[in-house]
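Read-outs throughout are calculated quantities, based only on the coordinates presented, and are distinct from any laboratory measurement. Please read these numbers as outputs of a predicted model, since none were measured by experiment. Cβ: placed from backbone, ideal geometry, glycine included. Neighbour counts: every protein chain shown.
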Amino acid sequence: MYLPQIFEESRPEVLHELIRSHPFSTFVIHTEAGLTANHIPFVLDAQAGAHGTLRGHVARSNPVWQQLAGCSEALAIFQGAQSYITPSWYPSKHADGKAVPTWNYAVVHAHGQPRAVDDAHWLLEHVTQLTAQQEARQALPWKVSDAPVEYIDQMLRQIVGIEIPILKLQGKWKVSQNRKTGDRLGVAAGLESLATDGSRAMGQLVMERVPRP
């Protein structure tokens, strides 16, 4: 990933929080047939390994888990807030016209050597954690134990786990740090005016990195 220093985010707790809040990843490996991408949610265990460990699963019919045997490295991409940025939000644009559109975004890249896990106990613990994480937002959270044991056992036989001890973790927060403070404040105000969840999330990221007097 192209990563100018001004946009680099290296704090583990910040990178981990983006993974937790945006767990649905683009999971990329290189196979004999070339690059293969799948889209799966991961649960992060921040305490396992130097940079944490990702755990997910795929359908048993998906050949990707069998391809991991010869795979030395995988990349999981976690996309956070993102937004188009119009130069009309820059006060400097109205002064000299020297501005062009851009795109703001926050993203985390997790690299590691993946392995397939075909173990019923591991899978039950994993899907229980994944479900609890996502169902926490519901008024009446569904639990794996709500379904009949025989049915859950049947479902578990149809999936295979994927585990990735993270060897390298990179974060890029491109949130207008290359603009003057006035332009950054203009971007935040413009994003707020759009009044969407995504625009507000990006506006907050911009404001978090505005220099304080």
Practice item. Have a look at ILE77, HIS30, SER92 and report the one farthest towards the positive end of the charge dipole of the chain, computed about the Cα centre with Cβ charges (Lys/Arg +1, Asp/Glu -1). Key: SER92
Review point. For the range 121-213, which semi-axes, largest first and in whole Å, follow from the square roots of 5 times the eigenvalues of its Cα gyration tensor?
Key: 43, 19, 9
Point to revise | Compactness of the range 28-112 as Cα Rg over 2.2 N^0.38 Å, two decimals | key: 1.64
Check your understanding: Among PRO148, PRO63, PRO91, whose mean-square fluctuation peaks in a Gaussian network model of the chain (Cα, cutoff 10 Å)?
Key -> PRO148
Review point. Which ordering of TYR151, TYR2 is given by a fewest-first count of other beta-carbon atoms within 10 Å?
Key: TYR2, TYR151
Study note, to complete from the structure: Mean Cβ-within-10 Å packing, highest first, puts peptides 16-22, 32-38 in the order 16-22, 32-38
Review point. What residues from the range 103-138 fall in the zone where the backbone N is under 16 Å from a label point 7 Å along the Cα-to-C-beta line of SER10?
Key: 109
**Study point:** Summed side-chain charge close to ALA59 - residues other than ALA59 whose Cβ falls under 14 Å, Lys, Arg +1, Asp, Glu -1
**Key:** +1
Revision key, fill the gap. Out of GLN79, GLN170, GLN134, a Gaussian network model of the chain with alpha-carbon springs under 10 Å gives the largest mean-square fluctuation to GLN134
Point to revise | Dipole magnitude of the chain, debye to nearest 20 (Cβ charges: Lys/Arg +1, Asp/Glu -1, about Cα centre) | key: 940
Study note, to complete from the structure: If R0 = 30 Å, then ALA46 and ARG157, at their Cβ-Cβ distance, give a FRET efficiency to the nearest 0.05 of 0.50
Review point. Any idea how many Lys pairs in the chain come in under 24 angstrom at the alpha carbon, given 8 or more places apart or on separate chains?
Key: 5
Practice item. Could you point to the residue in VAL144, THR128, GLY203 farthest towards the positive end of the range 127-213's charge dipole, with +1 and -1 charges on the Cβ of Lys/Arg and Asp/Glu respectively? Key: GLY203
Revision key, fill the gap. In Å, the Kirkwood hydrodynamic radius from C-alpha pairs for the chain sits at 19.3
Study note, to complete from the structure: Contour minus Cα-Cα span, ALA95 to ASP146, at 0.36 nm per residue, comes to 12.2 nm
Exercise for review: List every DSSP H helix in the chain whose Cα atoms extend 15 Å or more along the helix's own long axis and whose mean Kyte-Doolittle hydropathy is at least -1.0.
Suggested key: 120-135, 181-194, 197-208
Review point. GLN129 to GLN82: extension gain in nm, 0.36 nm per residue of separation minus the Cα-Cα distance?
Key: 14.2 nm
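Counting other beta carbons within 10 Å of each Cβ, put SER92, SER61, SER83 in order, fewest first. Show your work: numbers first, answer last.
Working: SER92 15, SER61 9, SER83 23.
By the 10 Å Cβ count, ascending, the order reads SER61, SER92, SER83.
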Exercise for review: Neighbouring Cβ atoms within 10 Å as the yardstick, rank TRP142, TRP122 fewest first.
Suggested key: TRP142, TRP122
